[in-house]
Structures are given as structure tokens and as C-alpha cells.
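In what follows, a structure is listed as C-alpha cells, so that the remarks can point back to it.
The values are calculated or read from the model by the stated rules, or taken from the named source; none is laboratory data. No experiment lies behind these values; they were computed from the predicted model shown. Cβ sites come from the backbone with ideal geometry, for glycine too, and all protein chains shown count toward neighbours. Just the protein is used for accessible areas: all its heavy atoms, side chains included, with ligands, DNA and RNA removed. Shrake-Rupley method; radii C 1.70, N 1.55, O 1.52, S 1.80 Å.
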Amino acid sequence: MTNSFQFRWRATAAVVTVAGIIFVTLLLNSGSGQTVDTSQPQAPATASSAPESEAAVDLAPSQLIAITIEPIGTYLFPIEKEAVGDIDFDDDLAVQVFPSYQGKILQTFVELGDDVQKGQPLYTIDSPDLVQAESTLIAAVAANDLYGKELVRATALYKTTGIPEREFEQATSDAQTAEGALKAARDAVRVFGKTEAEINDIIATRNIDPALVVPSPVNGQITFMTAPPGLLVQPGNAPAPYTVADVSLKYMLANVTESDSPLYQVGQPVEARMIAYPDRVFEGTISKIYATVDPNTHRATVRSVIADPKHELRPGMLASFVIRVRDPAESVAIPMSGVVRNGDGTMAAWVTTDRKHFVQRIVKIGLQTDGKYQILDGLQQGELAVTDGAIFLSNILYAPPSD
């Protein structure tokens, strides 16, 4: 009896097991197990299930006010490169003002940044050479006076046969020699920058003025100064006590990347903007391309010249440069608001033929200027495209509204 009960229990368990297996099999064969929710209302705009590059959206008439549709046109895109740099003085217009002779600085008359005129005194030095020249001048004046008087007396005596002809000729020769020495002495002092009036004053007073005046050789501005009183200066011994530069022209030094350096040529137009003048554009042209490349930054220097008659630009000012390296290119263009960046990094625009059905078009963009993209591939001139509100269509495509 026990064995019969165990047999019936095992048979029942086997039947239940087989029934479970059959149920599971039927459930798997009926589908993936997911249910479709049909209770969601349909959006007014519908998106197709085409590939992303050919995705499409249909808009209801009320939704068209959110976008702008225009034919694709062309635009002139300038071929430009951007760089940063700074402002500097025009070295070709700067003059280092050395004294003509060695001496110690006695007095300075101008400071850094002062405007000076040609011939205006900059500083004076105590020059032993000037002292020697003025001493020679005073001695020459005395000798000329002496021999001049001797010649007057000799001439009077010669006329009365009071002296022989030989003595008269000797007196004449001595007077002429003294006169020549006086002229040479005046010229020697004049070389030091003394005027005729100053030379005459030295002769009249017999006083030696050791101060050698060093004037500015050009009109300009003091751009460098290292001239404390007592400093011993020599001709050509750097640094010069003063540097005077014509600051009506300035250098714009742009640091361009090594890879772009072959694009630059002398004469190309340059536009510069300074932080100090954010609303102004300073224009110039490339005047020189430096031959070396900085081994640390791998950048080359491009120099351009700009007129600065009001002296508004100061050396060291930071500047951003735009250099036009080629003639403008006319290309298919679309406003930036007509292009959207997808999640995978591609750029897309939307085109239509009936202003109702919109197809997404993957585009390749190039230059950008004045709020427009240059289209290298993906759009043709004359096609109808969304020029404003492309992001609205993309939002519908990737996140359809619920109402």
C-alpha cells in the first residue's frame, strides 16, 4: 500500500512538471514578453524611422511659425588666419643718441615718454675734449690779437723803411698763421655743438664752458632713457643714454603657428584689435616675415606696420590679429541657426520641398563668418532649407512632444 501511494505521488509530480514546461514554451513562442502601450496620444509632428542621415519630420501648419525656410544661397568667405601678439616701436625709426665725445653726464632735460624736436637739448656732459678745444680757442684768439698788432706795427715801420722787408714778411706770415689757427679753433669748438653766439661769448669772456650739449637728432618721442647724472658715457658704448623714435608708426608683431607660416606673404592685409580699444579695428599690412621659428613654442613672427598719428598704441599692448591670406571664396552658405550638432558630433541641416515634410541632411562645414557657415558638402544652392529653428526640428526628431 505504501508503494502504491508513492507511485501515485510521483506520477502527479511528473504531470505537473510537464505542464509547467509546456506553459513556459508557449509563453516564449508568443513573443518577446514586452507589451505595447497604445494609450499614448499621437504627436502632431511625426518622425520617420529612416536612418539618422535621412531622418524626416512632418510639421503641422501651426508649428511652421517656429522656423524660417529660405533658399540656400552663396556667400563670400574671407580666407583668414587668427593670431595673437603685441605692439612695439618701429625699430627702423628709432635713433640711439650717443655723445660725440667721452664725458660724465651733468644734467638731463627730458624724461621717458616726452616728445622732442630735432635739435632740442637732451642732456649735457662734462667733456675734457671740449675743455681742451675751448682752451685752444682762447689761446688762438690771444695769438691772433698779438700777431695782428705786430703786423700793424710792422706795416707802419716798413712804409718808413724802419724795418727790413724780411721782418715785414715774417710779421705778415705770423699774422696769417694766427688767423688760420683761430678759424680752426672755432671750427673745433663748433663740432661740439656750440653755436656762433656761444663761441663769441667764450671769446669775449675768456671763460671755458665744459658742458657739452647733446641734442636730439630727429623729431620723435623718448622711448628709452638711462642717463643718471654722473654716468660716464662714450660714443657707441651701449646702452645709449637716450633713444628717440618716431612713434607715428608702430609694429604689430603676430605670433603665428609653424604649420600656417607658409601661408603668409608680405603685403597681406592685417586687422588688429586691442583690449584697450575693444570697439576699434586697426589696419595694416605685413612688412616682414621673420626667418626663424621659436623652438619652444613652434611659432614664427609676422610683422606689420600700422599708422598711429595720435600715439594711442603703446608698446607691449596685447593684440589679436586677423590676417587675410587669400582672396575671399564664394561658397554655399547657411546661417548658423540652420545647423545643429548631433550627439555623434556630425552637423546637420534640414531641407524640404513642400514646406511640410523636412529631411535631415548631414553637412560638412568649413569657414564661418558673419553668422554663416560655409557648406563644403551636403547642400546645394537653391535648395529650400531651414535657416532658423533647426534645433526645433531636431528636438522633435529625438524627443517627440507628448501633446
Exercise. Just in segment 270-330: which chymotrypsin sites (Phe, Trp or Tyr not before Pro) are loop by DSSP and have at most 12 other Cβ atoms within 10 Å?
Worked result: none
Seminar exercise, completed: Binned at 10 Å starting from 0, the alpha-carbon pair-distance distribution of segment 51-191 in whole percents comes out as 8, 16, 14, 11, 9, 8, 7, 6, 5, 5, 4, 4, 3, 1
Seminar exercise, completed: The size of the Cβ-based charge dipole (Lys, Arg +1; Asp, Glu -1) of segment 77-169 about the Cα centre, to the nearest 20 debye, is 1060 debye
Problem set entry | Modelled FRET efficiency - R0 41 Å, Arg166 with Thr205, Cβ distances, 0.05 increments | 0.60
For this session: Name the long-range amide H neighbours of Phe89: under 5 Å, sequence gap of 5 or more, or other chain; modelled H, no Pro or chain starts.
Result: Tyr251
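Loop-only trypsin sites (Lys or Arg not before Pro) in segment 245-332, please: DSSP not H, G, I, E or B, and at most 14 other Cβ atoms within 10 Å.
The qualifying sites are Lys310.
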For this session: Report, in degrees rounded to the nearest 10, the 0 to 90 angle that the Cα long axis of helix 196-205 makes with the longest principal axis of the chain.
Result: 40 degrees
For this session: May I ask for the equivalent-ellipsoid semi-axes of segment 113-184, computed as the square root of five times each C-alpha gyration tensor eigenvalue and listed largest first in whole Å?
Result: 43, 11, 8
Problem set entry | Accessible area per residue in Å² at 1.4 Å probe, computed on the chain | 60 Å²
Problem set entry | Label of the coordinate-derived value, Rg and Dmax of the Cα atoms in Å, listed as [x] 21.7, 72; [y] 25.2, 114; [z] 47.2, 194 | [z]
For this session: Starting from the alpha-carbon convex hull of segment 276-403, give the projected area averaged over all orientations, in nm².
Result: 13.5 nm²
Seminar exercise, completed: Nearest-0.05 FRET efficiency for Leu64 and Val266 at R0 = 45 Å, using Cβ-Cβ distance, is 0.25
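For the chain, with all protein chains present and a 1.4 Å probe, just round the carbon and sulfur fraction of the accessible area to a whole percent.
55 percent
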For this session: Among Glu283, Glu111, Glu169, determine the one that fluctuates most according to a GNM of the chain built with springs between C-alpha atoms less than 10 Å apart.
Result: Glu169
Exercise. Using the alpha-carbon atoms, what tilt in degrees (0 to 90, nearest 10) does helix 2-29 show relative to the longest principal axis of the chain?
Worked result: 50 degrees
